Amino acid sequence: MQANASSLSSMGLRALSLGLALLAAAHFLRWNAPGQAAACATLGLAAALAPRLLPRPLALLLFAAGGIFWAHLGMELAFMRAAQHLPWLRLILIMGGVSLAFAAAAVTTARTRAGDIFGPLDGPAWTKTLAVLLVWGTLRVAQAKAPMPLLLGERFLPGSAPWWEIAFGLYAAWVTGGLLGPRGSTLRARIWALFSLVFFGQLFLGLAGWGIFLMTGDLHLPIPALILAGPLYRGHGIFMLLLFGASLLLVGPAWCSHLCYIGAWDHTMARLGPQRPRKLPAWASKVRTGILALTILVPAALRASGASTGIALLGAGLFGVGGVAVMVLASRRLGTMVHCTLWCPMGLVANLMGRLLPWRLRITAACTRCGRCLPTCRYSALSIQDLKKGRPALTCSLCGDCVRACPHGAMEYAYLGLAPKTARLVFTCLAASLHAVFLAVARI
Ligand code: SF4
Ligand code: SF4
């Protein structure tokens, strides 16, 4: 069979992929599962028209899973027919044939040149596959457990969730590959801005009266400081705090470089500023600590004094407006993300918690102090002194821009005992997957 499989051309593998996917789609349609049918058809079309969208290990896993699925289904149906004294041989032959076709596609993908249509079978390809599975699995579980349609698309097209799950999985794979590539820094800026756009787009459409965009019907002020201050004032409502904590556990302070809906604004403002960002003065860290202290003390005092929600909202609103002013006036002028490295208390929380968690950015002995990385850091985390110390300053958000910029490969991600290359693959996979999940639900 291997010889036959090897002789399949790329065109043959594309056609076989499409045919098998359409067969699976027809099966799901028959079982009244249009979302699954659409997902299978999309995978088949991707394999036929743009196979690079499917990382090769994913194609391999899908073919293998398809082979097992059809073999299992064939056996089950044959036993049922045998129990009812109905003929079963033809069914076994048909289902067995389908199962073998899937197996042939899997072998061809794994072992022959034709499989190159899906790209290489290397570390990044497995990383992209892991991203698809993580996003697909997370959205599947979240959608199944949530009391309401979580995915925006599902709210408009009931039953379409399986399609969105696979679409966002493929998107995560694409983002993972892009972040690992030479233009990863540009892509990070774009996908981060896209998330912020979708997040605030939902908020404004909801405010304009389109309730379908507001998942719970409740509006929250989209100011990161309220992730901490909100529960302290209200005494409940820790969903955002849990989400923030989960992201910290998975990717350390990378909330502030890949995920936050406001951080993307500050990043954009800083990028509009000078090419060479200015490092913040030493006193900035004291101001930052003071703001964090006030973020804890003020809401607690408002709660203790029984201050009205109106007063609390006014205070929060003023803080938010102050943050926007900091972005426009300071970040844009200095080229440094002053809002995120000085004004926003959640940035400091992320940095401090990040120091307790295992993700690190390490500057190795390969560093020649050439300074090529310095202009890439908009978080005021890199200076010649930091390079000499072998680690970035506390404000580092693990954005990875310096890793991509260093011509000597002296910047590396570190996580416990993982080899640096593996650590970078794992980190990128997790960051891209979280981004895709956040984008898929973009909850207000
Ligand atoms: S510092 Fe605050 S606004 Fe900036 S990215 Fe972090 S949480 Fe968001
Ligand atoms: S030190 Fe590097 S990874 Fe950390 S924030 Fe600066 S550019 Fe990003």
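The values are calculated or read from the model by the stated rules, or taken from the named source; none is laboratory data. Since this is a predicted model, take the numbers as computed values, not measurements. FYI the Cβ positions are ideal-geometry reconstructions off the backbone, even for glycines, and counts take in every protein chain you see.
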When both residues are 6+ apart or on different chains and their Cβ atoms are under 8 Å apart, which pairs have a first residue that lies in the range 366-395 and is under 18 Å from L280 (Cα atoms) and of a type in the set (G, A, S), and a second that is assigned to a helix (DSSP H, G or I) and near ligand 2 (Cβ under 8 Å from one of its atoms)?
A393/D386
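Here is a yes/no grid of residues against (1) at pLDDT 95 or above; (2) surrounded by fewer than 17 Cβ atoms within 10 Å (Cβ to Cβ); (3) within 16 Å of ligand 2 (Cβ to nearest atom); (4) not small (G, A, S):
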residue	(1), (2), (3), (4)
M215	no, no, no, yes
P224	yes, no, no, yes
G235	no, yes, no, no
K279	no, no, yes, yes
V287	yes, yes, no, yes
G290	yes, yes, no, no
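Among the helices (runs of 4 or more DSSP H) lying completely within the range 161-246, list those that include at least 2 residues that are under 30 Å from G409 (Cα atoms). Walk me through it before giving the result.
Working: elements: 161-180, 184-207, 225-234.
By residue number, 161-180, 184-207.
Looking only at the range 247-266, filter to residues that are among the hydroxyl-bearing types (S, T, Y) and either within 16 Å of ligand 2 (Cβ to nearest atom) or not in a loop (DSSP other than H, G, I, E, B) (or both); which one of those is nearest to L194 (Cα to Cα)? It would help to see each step written out before you state the result.
So in the range 247-266, the residues among the hydroxyl-bearing types (S, T, Y) come out as 247, 257, 261.
From what's left, either within 16 Å of ligand 2 (Cβ to nearest atom) or not in a loop (DSSP other than H, G, I, E, B) (or both): 247, 257.
Values: S247: 19, S257: 13 Å.
Of everything passing the filter in the range 247-266, S257 is nearest to L194 (Cα to Cα).
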Identify, by number, the condition in (1) within 14 Å of ligand 1 (Cβ to nearest atom); (2) under 20 Å from W192 (Cβ atoms); (3) aliphatic (A, V, I, L, M); (4) touching a Ser or Thr at 6+ places or on another chain (Cβ under 9 Å) that A284 doesn't meet.
(2)
List every residue pair whose Cβ atoms sit under 8 Å apart, with the two residues 6 or more apart in sequence or on different chains, where the first one lies in the range 23-50 and is within 20 Å of A106 (Cβ to Cβ) and touching a residue at least 40 places away in the same chain (Cβ under 8 Å) and the second, anywhere, is surrounded by fewer than 18 Cβ atoms within 10 Å (Cβ to Cβ) and of a type in the set (S, T, N, Q).
none
Taking the range 352-402 and keeping residues within 16 Å of ligand 1 (Cβ to nearest atom), outside any loop (DSSP other than H, G, I, E, B) and not acidic (D, E) leaves L352, M353, G354, R355
Working carefully through the options A64, A21, find the one that is in a helix (DSSP H, G or I), within 24 Å of D116 (Cβ to Cβ) and out of contact with any Leu (no Cβ under 6 Å at 6 or more places or on another chain).
A64
